[in-house]
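Just so you know, all these numbers are worked out from the coordinates, no wet-lab data involved. These numbers were taken from a predicted model, which means no experiment stands behind them. Note that each Cβ is placed from the backbone with ideal geometry, even for glycine, and that neighbours are counted across all protein chains shown.
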Amino acid sequence: MRTQIIVGVLVVLAAPAYAAQGVPDPSTDREFSAKLSVCNECHGVNGVRRMATIPLISGQPENYLLKQLRDFERGDRRDEVMPWAAKTLTQQELGVAAGYFAKQKWPARSAGAAATPPPGIAVCQACHATDFLGATQADGMAAPRLAGQSYEYLVEAMRRFAAGERKNNVIMTKMMAAMSPADRQAMARYLSGL
């Protein structure tokens with residue numbers, strides 16, 4: 001009983017100090033900044049990622065990024081590194097991290113040759129917008145930008161949905177499972193060239 005009272009007093013005394021810390025700021029909070037620098041190791045500084053199989057996250061919609069972080073944290077989306085990375089962030093830091101990367105600029109690219117849209121690509125526009133830059137859905141959730149993501153990332157993400165390995169979006173799982181690998185590859189090639 002005495003231990004419980006002491007712990008209770010310590011929690012009450014620590015609460016104002018914790019509240020005074022406020023929202024973590026990557027420009028002033030060194031520990032939080034270090035956590036975000038781990039994200040940059042793979043996803044890249046200024047959107048220049050290390051490997052083509054890793055998605056660009058700079059400039060993606062904030063609520064999309066937050067959903068993905070929470071899905072990794074809960075195990076609803078699988079990856080070798082991301083569940084660990086998401087679990088190192090507090091709930092408040094998850095939101096701030098999503099906002100931080102959403103505010104970053106999508107990396108500039110040189111304009112490629114206009115490609116002919118592959119058959120079936122119009123179905124993607126219902127959620128990802130006609131220009132594939134992402135869009136907010138009726139439920140308030142955002143669909144991510146696909147235009148300019150790497151071919152390698154897109155084709156692998158589509159394969160994972162089709163195979164049922166990625167289950168954090170039921171609609172995508174059904175749509176990708178209904179498409180042939182050749183159709184998914186054609187879509188990924190087209191989207192990566194935008």
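Going through region 129-194, which GluC sites (Glu not before Pro) have at most 13 other Cβ atoms within 10 Å and a DSSP loop state? Present the calculation step by step, with values, prior to reporting the outcome.
Details: sites: Glu152, Glu156, Glu165; in loops: Glu165.
Here the sparse-neighbourhood loop sites are Glu165.
What lysines could a cross-link reach from Lys167, if we take a straight Cα to Cα line under 28 Å and drop same-chain neighbours fewer than 8 places away?
Once the sequence-local lysines are set aside, what remains near Lys167 is Lys35, Lys67, Lys87, Lys103.
Net charge within 12 Å of Gly140 by Cβ-Cβ distance, Lys/Arg positive one each and Asp/Glu negative one each, not counting Gly140 itself?
Numbers: positive: Lys67; negative: Glu62, Asp139.
It works out to a net charge of -1.
To make sure I understand, if each residue's beta carbon is the centre and we count other beta carbons within 10 Å, what order do Thr173, Thr136, Thr88 fall in, fewest to most? Each step should come with its number before you reach the end.
On the way: Thr173 18, Thr136 14, Thr88 11.
Fewest-to-most Cβ neighbours within 10 Å comes out as Thr88, Thr136, Thr173.
Provide Met172, Met187, Met141 in ascending order of the number of other Cβ atoms located within 10 Å of each residue's Cβ, fewest first.
Numbers: Met172 19, Met187 24, Met141 13.
In increasing order of surrounding Cβ atoms, one gets Met141, Met172, Met187.
Considering amide H positions built from the backbone, and no H for Pro or chain starts, which residues 5 or more places from Lys167, or on another chain, come under 5 Å of its amide H?
Those qualifying (amide H under 5 Å, at least 5 residues apart or on another chain) are Arg78.
Would you mind counting up the charge near Gly120? Only other residues with Cβ under 11 Å from its Cβ, with Lys and Arg at +1 and Asp and Glu at -1. Before the final figure, lay out the partial values.
Working: positive: Arg184; negative: Asp183.
Result for the neighbourhood of Gly120: 0.
State to the nearest 20 debye the size of the charge dipole of the chain about its Cα centre, where the only charges are +1 on K and R beta carbons and -1 on D and E beta carbons.
On the way: 22 positive and 17 negative charges, 45 e Å.
With only Lys, Arg, Asp and Glu charged at Cβ, the dipole is about 220 debye.
For the chain, take the longest principal axis of its alpha carbons; what is the angle in degrees between that and the long axis of helix 62-74, to the nearest 10 within 0 to 90?
70
Of Val48, Val38, Val155, how do they rank once you tally other Cβ atoms within 10 Å and put the fewest first? If you can, show how the numbers build up before the last one.
Numbers: Val48 11, Val38 14, Val155 20.
Going from least to most buried by this count: Val48, Val38, Val155.
Residue separation times 0.36 nm, minus the C-alpha to C-alpha distance between Arg159 and Thr116: what's the value? All intermediate terms of the calculation are to be shown ahead of the outcome.
Numbers: separation 43, 0.36 × 43 = 15.48 nm, distance 2.22 nm.
Gain in length upon complete extension: 13.3 nm.
Can you list residues from other chains, or at least 5 along the same chain, whose modelled amide H is less than 5 Å from the amide H of Gly193?
Gly148
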